[in-house]
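For reference, the structure is listed below as structure tokens.
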Amino acid sequence: IAEAEKFRPSFHFTPEENWMNDPNGMFYLDGTYHLYFQYYPEDNVWGPMHWGHATSQDMITWKEEKIALKPDEKGYIFSGSAVVDKENTSGFGEEGKTPVVAMYTYHDPKGEKEGRKDYQTQAIAYSTDKGFNWTKFKDNPVIKNEGIKDFRDPKVTRDTINDQWLMVLATVDRTFFYSSQDLKEWKKISEFGQSTGAHNGVWECPDFFPMKVEETGETKWVLIQSLNPGGYNGGSGTQYFVGDFDGTTFTPEKNMQNLEEKHSFWLDFGRDNYAGVTWSNIPTEDGRTLFIGWMSNWLYAQEVPTQKWRSTMTLARELKLQKLDGVYRILSEPVKELDAYRTEVHKMSKNEPAKTYTYSAKTGDLMNKEISFSLNLKDLEKVDFHLSNSVQDTLKFGLNKTDKQFYVNRKKSGLTDFSEKFIQKVSTAPRISNSDTLKVHFILDKTSIEIFYDNGTTVVSEIFFPNEPYTSFGIRSKSDLHIKDLKVNEITK
Ligand code: FRU
């Protein structure tokens, strides 16, 4: 492959050219999943933001479409969301066509330069051709700014329980809640968050939606709240809160009302999953909560060694809500649509106990592979995993059982000199499960690993840039390893 394409993943979304950050405006309609994204079509670093656009039938194979929203005299088009207005509450539907309504933040660079505080406002646009062509509302902005510098990223949800449109907005250190009947007139109804959760950064890109608890069937409301910096491993990160909503106010569970900075409620503990939100308009008979995130981190996103384009999305994931040891937790797994792309290339039901185990790719490499297995932890203190190639690039990860911490060490993973921050530290993640069996499941796509430990109870996503593709996967410990059900799948489109 041409040098310029060397680091392009094969089954993750990347724009053909130039800069991308947050996923925006995701909705599903008539068999198509839409994904918009923060996009700067003129350069491979952040600039005046547009909404790029891509479509997919299965959230794995994406087709890039023409740009959906371009900046104008009111400002850049920052992050936001989109909903399908089935009952035409907005009145934007002409001739019986169902309108799709997007809500985004206008970021006015002139106001910012002048040192004003009110340069971020909320606006709407609509599409009557299912998301391809958009018209900006003539009376924008629909929410003005009364002097809050960080005032952005509106995420709209249809609240069928209380029969209203709900919108959450990130404002510095808290989330504002708004309600509307027509998507045009918005009323602020409550606030949440200044006294709980991580705050060493600015809150951005919230999302708020009901979820059913898997076992009991009870409904709980979930607030996703990204922040930057101040993520679990520094830089960008996405935390969540679970609780109840009475139509006006969100009340988190008792154990989430005074969370400290370093709490354990993060959708992903890795350094590279930010600003993720969920798809709207998923049919009730499907009922899944589907999520995608930006697989990078503001610490180094603009310096990573891809030139033609910059940034990748995570795999689309299904979120699940469970009660584990009395505590609500969000688990995530890749969407089941990935099944159609999997081919089993290796299987081992049980190993001959030994201190090391190695799997080497027989042909090709490990750059589009999925590996899963379970490991008996009873006699282990620490277990280390590594991916490596013939030029000694090595990505290390694993579990320190004694302190219940997973880690990822990418110091020698390949190219790292583009940013000091990329390798400043070894990242960690708490092991939440108490099981004696560790379930490991990870997916590799050239420059990323997405690890779903214990059925997605602790998730870690990180990127890396090996000089040559990794070809070998190893497991190591000081005591004998007891490995079960090891499977290697190739993922091909
Ligand atoms: C998050 C973010 C958003 C903002 C957008 C601008 O990564 O900072 O808060 O809307 O990126 O591109």
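The values are calculated or read from the model by the stated rules, or taken from the named source; none is laboratory data. These figures come from a predicted structure and were not determined experimentally. All Cβ positions, glycine included, derive from the backbone under ideal geometry; neighbour counts span all protein chains shown. Just so you know, the surface numbers come from the protein's heavy atoms only, side chains and all, with ligands and any DNA or RNA stripped out. Shrake-Rupley method; radii C 1.70, N 1.55, O 1.52, S 1.80 Å.
Numbers below:
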{"item": "Boolean, residue 65 is within 13 Å of the ligand (Cβ to nearest atom) and either at pLDDT below 95 or of a type in the set (Asp, Glu) (or both)", "result": "no"}
{"item": "Answer residue from the stretch 364-403, given it is of a type in the set (Ser, Thr, Tyr) and closer than 12 Å to residue 469 by Cβ and is farthest from the chain's Cα centre (by Cα) among those", "result": "390"}
{"item": "The stretch 1-30, residues that are of a type outside the set (Phe, Trp, Tyr), in a strand (DSSP E or B) and more than 16 Å from the ligand (Cβ to nearest atom)", "result": "29"}
{"item": "Hey, residue 461 farther than 30 Å from residue 321 by Cβ, at pLDDT 95 or above, part of a strand (DSSP E or B) and polar (S, T, N, Q) or not", "result": "no"}
{"item": "In the stretch 417-433, the residues that are touching a Leu at 6+ places or on another chain (Cβ under 9 Å) and among the charged types (D, E, K, R)", "result": "421, 431"}
{"item": "Residue pairs meeting the criteria (Cβ under 9 Å; at least 6 apart or on separate chains; first under 20 Å from residue 212 (Cβ atoms) and of a type in the set (Asp, Glu), in the stretch 296-324; second assigned to a strand (DSSP E or B) and open to solvent by 30 Å² or more (accessible area, probe 1.4 Å))", "result": "318/333"}
{"item": "Options 43, 108, 85: the member that is buried (at least 20 other Cβ atoms within 10 Å of the Cβ), more than 28 Å from residue 336 (Cα to Cα), in contact (Cβ under 8 Å) with a residue 24 or more places away in the chain and among the charged types (D, E, K, R)", "result": "108"}
{"item": "Every residue from the stretch 429-457 that is within 18 Å of residue 365 (Cβ to Cβ) and polar (S, T, N, Q)", "result": "447, 448"}
{"item": "Residue 342 among the basic types (Lys, Arg), at pLDDT 95 or above and within 16 Å of the ligand (Cβ to nearest atom)", "result": "no"}
{"item": "Filtered residues of the stretch 144-182 (kept if hydroxyl-bearing (Ser, Thr, Tyr) and closer than 17 Å to residue 203 by Cα)", "result": "171, 175, 178"}
{"item": "Residues located in the stretch 244-292, provided they are surrounded by fewer than 23 Cβ atoms within 10 Å (Cβ to Cβ), within 28 Å of residue 86 (Cα to Cα) and of a type in the set (Gly, Ala, Ser)", "result": "247, 287"}
{"item": "Any hit, the stretch 179-197, residues being touching a residue at least 12 places away in the same chain (Cβ under 8 Å) and of a type in the set (Lys, Arg)", "result": "yes"}
{"item": "Residue 453 vs. criteria over 30 Å from residue 265 (Cβ atoms) and open to solvent by less than 10 Å² (accessible area, probe 1.4 Å)", "result": "no"}
{"item": "Members of the stretch 227-243 that are open to solvent by less than 20 Å² (accessible area, probe 1.4 Å) and either in contact with a Ser or Thr (Cβ under 8 Å, 6 or more places away or on another chain) or more than 16 Å from the ligand (Cβ to nearest atom) (or both)", "result": "227, 231, 233, 236, 237, 238, 239, 240, 241, 242, 243"}
{"item": "Single residue of the stretch 381-423 satisfying the filter (part of a loop (DSSP other than H, G, I, E, B) and among the aliphatic types (A, V, I, L, M)) that is least open to solvent (accessible area, probe 1.4 Å)", "result": "415"}
{"item": "Number of the exception - residue 299 against (1) open to solvent by less than 20 Å² (accessible area, probe 1.4 Å); (2) touching a helix residue (DSSP H, G or I) at 6+ places or on another chain (Cβ under 8 Å); (3) of a type in the set (A, V, I, L, M, F, W, C)", "result": "(1)"}
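Listed here are the residues, each with its yes/no results for (1) over 20 Å from residue 156 (Cβ atoms); (2) open to solvent by 10 Å² or more (accessible area, probe 1.4 Å).
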{"site": "196", "(1), (2)": "yes, no"}
{"site": "204", "(1), (2)": "no, yes"}
{"site": "210", "(1), (2)": "no, yes"}
{"site": "214", "(1), (2)": "yes, yes"}
{"site": "223", "(1), (2)": "no, no"}
